[in-house]
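J.: Quick one: structure below, then a few questions.
The values are calculated or read from the model by the stated rules, or taken from the named source; none is laboratory data. The shown structure was predicted, so the numbers you read here are calculated from the model rather than taken from an experiment. For neighbour counting, all protein chains shown are included, and Cβ atoms are generated from backbone atoms with ideal geometry for every residue, glycine included. We work out accessible area using only protein heavy atoms, side chains counted, and drop any ligands, DNA or RNA first. Shrake-Rupley method; radii C 1.70, N 1.55, O 1.52, S 1.80 Å.
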Amino acid sequence: MNSSLRFGYLLAMLLVGLTGCQKPASPAEYNAKAANPEYYNAALNKLTQVIIHDIFSPPVASRIYSYANLAGYEALVPFDAQYESLGNKLKSFQHGPVPEAGKDYCFPLASTHAFMTVARALTFSVDFYDEFEKQFYEQYKKDGVPDEVYDRSMAYGEAVAKHILDYAAKDNYKQTRGFKHTVTNEEGTWVPTPPAYMDAAEPQWNKLRCWVMDTCSQFMPPRPITYSLAKGSPYEKELDEVYEMGKNLDKSKQDMAYFWDDNAFVMNVAGHVMYASKKMTPGGHWLAIAQTVARKKKLSMMRTVEAYALTSFALSDGFISCWDEKYRTKTIRPETVINKSIDPRWTPFLQTPPFPEYPSGHSVISTAAATVLTNLMGDNIAFVDSTEFRYGHGVRSFTSFRKAADEASISRLYGGIHYRSALTNGQIEGEKVGKWVIEKIHARKLGVASR
């Protein structure tokens, strides 16, 4: 053997020896790396991209987020002894699969896999996940998760996801598909609005199983002001406020209205051409706010997922509660009345969404989410919301979750799509929903501080 071959042989043997002596990562080591909350954030953000692409309505989007985050939470619970399953806490939800005793798992991997499995099952454009997941799961192997543990953790995540999807199948969602709201044309009741005159969205949403509320009407708001165009009537005063606001809207109010628009499907009209643009839903916006503050506070993966899950439940019950009232009172939109009775050329700054006016959905769900997040993360936390910068909606700063919710609410008056009482009463309703979620859902075991 010549010297070159001998050197190559010795080098190869040395490398084999070094590789063979390399100590594999311990469960504590690979779990610490895998518990990076940015892994879960990436999964959540991918789901949001798909929800935007698939144009799910805000209520439907909230349902998807809730089931995906429930799966992520339940698969992660065994990772932290301070937390417990939400079995028997959410409405009709039972305890699910448990990990095999004495076996090693990477529960952060199980969590993201459970999340992604549910996300795939509840959205349409599943091909969007393919390349993402291919690279996504590789990072866990790079973190040192052994093949056997990887396979076991993936299997556990799938088992949890199946349990969640079985739970989802019984929430009455499928039974509400295909229903249309009957327009009565009674004075003061909702009719389709320009430019697309779309059918009313989700008229049966109050038939869905609640998440935490006892019933869909548990937090029913006060009756809306009585429809009357008589000069000086409470209704006429609120209508006039919307009309005058729309005619004299300064740039700061325009910016605020546009920032919080969150209309998943906007029809744009240019001459004889009509085309749609897609945006984030209000629920997706609030989960992104939760992500922003969780990053700022450097929360652990467990605390981050807890925040996503409880905020999702508040959003979902907020939509159920709000939609129950919308289709009970069927309140007409300002645009319709103004065009008919005051000014046929008046248009709101924002496009009127396709469902009845009362109460304001943004007011209900924003306040519900802010109430939960304040409880979990603290009050008076300043943050910069760049959630929808990529969609051209700018960046805004807030001193608390509640201040953000207040702005989201009043933005609907500036946008010309709500009366003031729908905002005020919607916020009261949303706060009740949020407080109920906090009161009833204790993710952390008794004696563990909320923050």
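J.: Simple spin-label model, 7 Å along Cα-to-Cβ: Tyr391 to Lys251 in nm?
T.: 2.4 nm
J.: Over region 297-451, what percent of the accessible surface lies on carbon and sulfur atoms, probe 1.4 Å?
T.: Using a 1.4 Å probe with all protein chains present, region 297-451 comes out at 52 percent carbon and sulfur.
J.: While we're here: Rounded to a whole number, what % of the accessible area of region 80-127 do carbon and sulfur atoms account for, probe 1.4 Å?
T.: 51 percent
J.: On a 0 to 90 degree scale, rounded to 10, what angle separates helix 301-329 from the longest Cα axis of the chain?
T.: Tilt relative to the chain: about 20 degrees.
J.: Given (i) 75, 44, 39; (ii) 104, 50, 43; (iii) 84, 56, 56 as candidate values of Cα extents along the principal axes in Å, which corresponds to the one derived from the coordinates?
T.: Derived directly from the coordinates: (ii).
J.: Report the Rg/Rh value for region 41-124, based on alpha-carbon coordinates and the Kirkwood definition of Rh.
T.: Here the Rg-to-Rh quotient is 1.01.
J.: Something else about it: In µm²/s, what is D for region 303-451 at 20 °C and 1.002 mPa s, where D = kT/(6 pi eta Rh) by Stokes-Einstein and Rh is the Kirkwood radius from Cα pairs?
T.: Approximately 130 µm²/s, per Stokes-Einstein.
J.: In debye, nearest 20: dipole of the chain around its Cα centre with unit charges on the Cβ of K, R (+) and D, E (-)?
T.: 360 debye
J.: To the nearest Å, what is the center-to-center distance of region 118-171 and region 220-251, using C-alpha atoms only?
T.: 49 Å
J.: Can you pull out the GluC sites (Glu not before Pro) in region 126-203 that DSSP calls coil and that have at most 16 other Cβ atoms within 10 Å?
T.: Glu186, Glu187
J.: If I ignore ligands, DNA and RNA and count only protein heavy atoms, how much of Val126 is accessible to a 1.4 Å probe, in Å² to the nearest 10?
T.: It works out to around 50 Å².
J.: Less than 14 Å Cβ to Cβ from Tyr167, Lys/Arg counted +1 and Asp/Glu -1: what total charge do the surrounding residues give?
T.: Cβ neighbours under 14 Å give a net charge of +4.
J.: Compute the long axis of helix 420-440 from its Cα atoms, compare it with the longest principal axis of the Cα atoms of the chain, and write down the angle in degrees, 0 to 90, nearest 10.
T.: Helix 420-440 and the main axis of the chain meet at about 30 degrees.
J.: Can you compute the modelled spin-label distance between Val191 and Leu446, with each label point 7 Å from Cα toward Cβ, in nm?
T.: Placing both labels 7 Å beyond Cα along the Cβ direction yields 5.9 nm.
J.: Keeping all protein chains in place and using 1.4 angstrom, which order do Cys216, Cys322 fall into by accessible surface area, from largest down?
T.: Accessible-area ranking of Cys216, Cys322, largest first: Cys216, Cys322.
J.: What do you get for the angle between helix 282-296 and the principal long axis of the chain? Use alpha-carbon atoms, 0 to 90 degrees, nearest ten.
T.: Roughly 50 degrees between the two axes.
J.: Also, quick follow-up: Sort Ile52, Ile428 by heavy-atom solvent-accessible area, probe 1.4 angstrom, most to least.
T.: So the residues, ranked largest to smallest area, are Ile428, Ile52.
J.: Take region 83-124, drop everything but the C-alpha atoms, weight them equally and run the Debye formula without solvent; then report log10 I(q)/I(0) at 0.22 Å⁻¹ to two decimals.
T.: These q points yield log10 I(q)/I(0) values of -0.98.
J.: Moving to a separate point now. What number, rounded to the nearest 500 deg cm²/dmol, is the helix-based mean residue ellipticity at 222 nm of the chain, given -39500 (n - 2.57) per DSSP H run of at least four residues and division by all its residues?
T.: Helices in the chain give a 222 nm mean residue ellipticity of -18000 deg cm²/dmol.
J.: I've got another one for you. Which lysines have a Cα less than 18 Å from the Cα of Lys46, not counting those fewer than 8 places away in the same chain?
T.: Hits, sequence-local ones excluded: Lys134, Lys278, Lys279.
J.: Report the Cα-based extents of region 281-360 along its three principal axes, largest first, to the nearest Å.
T.: Answer, in whole Å and largest first: 55, 27, 13 Å.
J.: While we're on this one: So for Asp214, Asp324, what's the accessible-area order with a 1.4 Å probe, most first?
T.: The most accessible residue leads, giving Asp214, Asp324.
J.: Per residue, what accessible area does the chain have, given a 1.4 Å probe and all protein chains present, in Å²?
T.: 44 Å²
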